[in-house]
Amino acid sequence: MRIGIIGATGWLGSALGGRLLASGHAPGDLILLNRSGPRADYHGRPDVVWARDVDELAAASDLIVLSIRPEDWAALRLHAPDRLLVSFMAGVGIDRLAPCGARIVRAMPNAAAEIGASYSPWVAGPGVTDADRAAVTRLLSVIGTSDELTGESQIDLMSAVPGSGAAYPALLALAIIGFLRDRGIAEDIAIRAAEAVVCDGARLLKGQVGQSAEMIAAYLDYQGTTAAGIHAARDAGFTESITAALTAATAKARHLG
């Protein structure tokens, strides 16, 4: 299968391209396009194919990945009948993608695609076949894991949650670093302490996120320093703040296009 990537040197497009090459896809089966033009080296491979324009890419590809900014969609003028199109764009619905003539899937990867750890939920439009679904699952497997959603409205929610990538953990890390630094802890030590919480501590949740309530209950039952912190965070509106953030992000996703 020849895979075209529009936006091949952007964040997600480049991550996908790199992971496809690393997983054994032939460089000649990648058809690439970006705004800045061909590069002599793409993830260490000079033998990928660079399309001159979107029409050449569409003609040469079996599956097209659309990894561009939502505001750039209208000007792209993609015409891709009888092709499978996988859009990574937030806010541009299947109805707006449909005039290109392709069978459409919308997927929502995140920045962890770079390390093969993206969770990429997706939704299929009309006419998408079982073979197409299998192709989408294989494609997304090179950057992590995926699930098919039951309705397009759910993609906006996923844009706000897994689509945020490391943003909320980074926000938590900044708050911890600031707390320690403001109380006299050296910057480098504060950074390591935040990493211990945000990165190392979170490893205890891997595969057990469904038991988060039980983990919190265990801390509260112990009635130690962490329990005091949990109570204070809740009293200060921690849960409400997260809900507000995700609500705002979902609203933004619905209006990006």
**Prompt:** How do L20, L256 rank by accessible surface area computed with a 1.4 Å probe, from largest to smallest?
**Reply:** L256, L20
**Fill in**
For I191, the accessible surface traced by a 1.4 Å probe with all protein chains present amounts, in square angstrom to the nearest 10, to 70 Å²
**Request:** Please turn the phi angles of region 133-147 into ³J(HN,Hα) values with the Karplus equation 6.51 cos²θ - 1.76 cosθ + 1.60 (θ = phi - 60°), one per residue in order, whole Hz, x for glycine and proline.
**Result:** 4, 5, 5, 5, 4, 5, 4, 6, 5, 6, 10, x, 10, 8, 9
**Item:** Mean accessible surface per residue for the chain, computed with a 1.4 Å probe while every protein chain stays in place, in Å²
**Value:** 54 Å²
**Item:** K252, K206, reordered so the largest accessible area comes first (probe 1.4 Å)
**Value:** K206, K252
**Message:** Could you identify which residue out of G37, G28, G237 has the top mean-square fluctuation in a GNM of the chain using Cα springs shorter than 10 Å?
**Reply:** G237
**Answer label, with semi-axes √(5λ) of the Cα gyration tensor in Å calculated from the coordinates and candidates [x] 25, 22, 19; [y] 39, 21, 17; [z] 69, 20, 16** = [y]
**Complete:** Rounded to the nearest 10 degrees, the helix 167-182 long axis (Cα) sits at an angle to the longest Cα principal axis of the chain of 40 degrees
**Prompt:** For region 96-232, what is the largest minus smallest coordinate of the Cα atoms on each principal axis, given in angstrom and ordered from greatest to least?
**Reply:** 60, 33, 25
**Request:** Please work out how much accessible surface T137 shows to a 1.4 Å probe, ignoring ligands, DNA and RNA, in Å² rounded to 10.
**Result:** 70 Å²
**Message:** Tell me the volume per residue, in Å³, of the convex hull enclosing the alpha carbons of region 166-256.
**Reply:** 134 Å³
**Complete:** Quick calc of log₁₀ I(q)/I(0), region 218-257, Debye, one scatterer on every Cα, no solvent, q values 0.28 1/Å, result -0.85
**Viscosity 1.002 mPa s, temperature 20 °C, Stokes-Einstein D of region 34-104 from Kirkwood C-alpha radius, µm²/s** = 164 µm²/s
**Prompt:** For E114, what accessible area in Å² do you get when you roll a 1.4 Å probe over the heavy atoms of the protein chains, rounding to the nearest 10?
**Reply:** 110 Å²
**Asked** Expressed in nm to one decimal, what extension gain is obtained for the pair C199 and D182 from 0.36 nm per residue of sequence separation less their Cα-Cα distance?
**Response** 3.9 nm
**A74-T226 pseudo-label distance in nm [points 7 Å out on the Cα-to-Cβ vector]** = 5.1 nm
**DSSP beta bridges in the chain [antiparallel fraction, %, rounded to 5]** = 15 percent
**Message:** What distance in nm lies between label points placed 7 Å from Cα along the C-beta direction at A167 and R192?
**Reply:** 3.2 nm
**Prompt:** Which listed residue (H231, L172, A196) has the Cα farthest towards the positive end of the charge dipole for region 166-256, taking +1 on Lys and Arg C-beta and -1 on Asp and Glu C-beta about the Cα centre?
**Reply:** L172
**Message:** Pick from G201, G224, G17 the residue whose mean-square fluctuation is largest in a GNM of the chain, springs joining Cα atoms under 10 Å.
**Reply:** G224
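The values are calculated or read from the model by the stated rules, or taken from the named source; none is laboratory data. Remember, it's a predicted structure, so these values are computed and weren't measured experimentally. Every residue, glycine among them, receives a Cβ derived from its backbone with ideal geometry; neighbour counts consider all protein chains shown. Calculation scope for accessible area: heavy atoms of the full protein, side chains included, ligands and nucleic acids excluded. Shrake-Rupley method; radii C 1.70, N 1.55, O 1.52, S 1.80 Å.
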